[in-house]
Amino acid sequence: MEWITILISAAIGFVVGGTLAYLLWDKALKNKKRQIIEEAETEGEVIKKDKMLQAKEKFLQLKAEHEKFLQEKNSKINILENKLNQRENAINQRRDELQKMTKEFEITRKEVDIIRENLDLQLQRVEHKNEELEKLHRQNLEKLEQISGLSAEEAKDQLVESLKEEAKSEAVAYINEIMEEARQTANKEAKKIVIKSIQRVATETSVENAVTIFHIESDEIKGRIIGREGRNIRALEAATGVEIVVDDTPEAIVLSAFDPVRREIARLALHQLVTDGRIHPARIEEVVEKVKKQVEEEVVETGKRTAIDLGIHGLHPELVRLIGKMKYRSSYGQNLLQHSREVANLSAIMASELGLNPKKAKRAGLLHDIGKVSDDEPELPHAILGMKLAEKFKEKPDIVNAIGAHHDEEEMQSLLAPIVQVCDAISGARPGARREVVESYIKRLKDLEDLALSYPGVTKTYAIQAGRELRVIVGADKMNDQETEQLSYDISKRIQDEMTYPGQIKITVIRETRVISYAK
């Protein structure tokens with residue numbers, strides 16, 4: 001019984017507890033729901049206020065933009081109204097002026113009618129006076145014919161003859177004056193053209209030597225180049241035709257030969273041998289043959305590149321090869337290819353200044369020295385040989401003549417010839433452009449000084465400016481000013497007749513008196 005009572009009590013307690021728990025949970029849920037609703041209402045009010053503020057700001061912004069647009073439109077309308085008012089005022093002013101001019105024109109027309117009537121009267125009077133003058137003129141002529149015994153036609157003929165003689169003398173004087181002015185102007189223009197050409201072609205001068213320095217990394221490689229008992233160096237000299245000088249100069253070998261092509265082949269061959277490391281006679285011959293082919297290809301490539309750079313087209317392949325070959329040839333120490341390029345540019349500029357064809361002049365200038373690099377090298381002057389080569393490879397006659405005549409060995413038949421000749425002289429005469437062998441150079445300078453010193457009255461002579469100027473000092477008590485001028489001319493004439501030299505030589509004769517006193 002007690003156990004049943006306990007169960008019933010427990011059941012009743014569980015039911016009562018569950019009911020109380022349900023009531024408490026329901027009450028808590030209602031409070032939570034009410035709280036959520038209140039928070040949502042508060043948040044909604046805040047969002048509503050924000051949206052209203054944003055809408056108000058947008059409205060104010062649109063209103064301001066609209067007012068600004070209306071203001072700009074009103075200002076444009078005002079400007080247009082002002083322009084219309086100004087135009088209307090100008091039209092009214094113009095209309096008033098036209099009305100005023102119309103009135104003045106009507107008054108002027110009346111005055112013109114009056115003037116015209118007066119002119120008619122004056123013309124009638126003038127015609128009457130002309131008739132009277134004609135009558136008097138005829139009477140005077142009749143009296144003059146009676147007095148002079150000559151008719152009017154005869155007198156006119158004599159007057160015409162005298163006027164002809166006077167006009168002839170004046171014309172001769174005027175022609176002489178024009179010719180003299182033309183000579184002066186031509187001289188001035190020629191100098192101007194030459195100076196312009198020289199200034200517009202500023203070429204660096206490059207002087208060739210007879211030796212090439214080959215640098216090596218260490219002196220150990222020198223022994224490998226020489227080889228056992230010198231066999232390697234002998235094989236290299238035999239294959240290239242270049243003298244190889246191995247002295248005490250550290251890390252350097254000298255390649256000596258008058259032919260730049262041989263020196264270049266030897267230099268490139270040495271470079272490949274040293275880089276490869278295998279140096280023996282068989283390898284040397286193999287490398288030299290390979291380098292020769294490379295140099296030949298480079299010669300052709302150089303010729304093509306030169307022609308393209310100068311804008312010269314249609315050259316025969318053999319002429320292109322000869323142009324490339326100029327790179328390895330020098331004339332008085334001046335690189336021949338650089339000299340020919342300079343002559344080509346100078347010729348084109350000078351031809352343009354003279355109104356001639358610059359392309360032809362440039363072509364003739366580039367080819368003028370191809371005779372110096374001919375493969376055959378017969379006993380002919382290089383200008384004649386170059387002319388024959390150009391003729392053989394179908395160059396035009398005026399270009400052929402310009403090549404052959406640039407040293408006066410052929411008669412000049414076109415204006416291209418003197419242009420090429422002058423530009424060749426300009427290029428060779430640049431200071432530092434050319435250099436002779438030291439011995440001949442020193443001998444030429446000494447001959448210059450001795451030649452001037454042989455004249456009586458000369459005390460000292462100095463060859464300066466690399467032999468391009470000779471200064472002669474004479475005694476003031478032994479020679480007067482006129483004799484000084486004659487001495488300068490005599491020396492220049494004798495140098496022209498007896499000596500050979502590039503460019504020109506300036507002879508300056510100095511005559512001065514010095515008086516020295518001492519204050520003690």
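The values are calculated or read from the model by the stated rules, or taken from the named source; none is laboratory data. Everything numeric in this text was worked out from a predicted model, so none of it was measured. All Cβ positions, even for glycine, are placed from backbone atoms using ideal geometry, and neighbour counts span all protein chains on display. For the accessible areas, the whole protein counts, side chains as well, though only heavy atoms, and no ligand, DNA or RNA atoms are used. Shrake-Rupley method; radii C 1.70, N 1.55, O 1.52, S 1.80 Å.
Remarks
- Check on R87, open to solvent by 90 Å² or more (accessible area, probe 1.4 Å) and modelled with pLDDT under 65: no
- Counted residues, the range 332-368 - those being open to solvent by less than 10 Å² (accessible area, probe 1.4 Å) and among the polar types (S, T, N, Q): 2
- For the range 246-261, filtering for residues that are modelled with pLDDT of 75 or more, surrounded by fewer than 18 Cβ atoms within 10 Å (Cβ to Cβ) and not in a loop (DSSP other than H, G, I, E, B) leaves 2.
- Checking each residue in the range 504-518 for being of a type in the set (A, V, I, L, M) and either at pLDDT 75 or above or open to solvent by less than 100 Å² (accessible area, probe 1.4 Å) (or both) picks out I505, I507, V509, I510.
- Scanning the range 446-503 for residues that are open to solvent by 80 Å² or more (accessible area, probe 1.4 Å), under 42 Å from the mean Cα position of the chain (by Cα) and not charged (D, E, K, R) returns Y462, Q465, Y489, Q496, T500.
- Selected residue (only one of T5, T19 is in a helix (DSSP H, G or I), exposed (fewer than 10 other Cβ atoms within 10 Å of the Cβ) and of a type in the set (S, T, N, Q)): T5
- Residue within the range 281-290 that is among the hydrophobic types (A, V, I, L, M, F, W, C) and surrounded by fewer than 15 Cβ atoms within 10 Å (Cβ to Cβ) present: yes
- Among the residues examined, N78 qualifies as at pLDDT 85 or above and open to solvent by less than 100 Å² (accessible area, probe 1.4 Å).
- Among residues of the range 302-323, those that are surrounded by 23 or more Cβ atoms within 10 Å (Cβ to Cβ) and not aliphatic (A, V, I, L, M), counted: 1
- Qualifying position, being more than 22 Å from the chain's Cα centre (by Cα) and in a helix (DSSP H, G or I), among E318, E342, E395: E318
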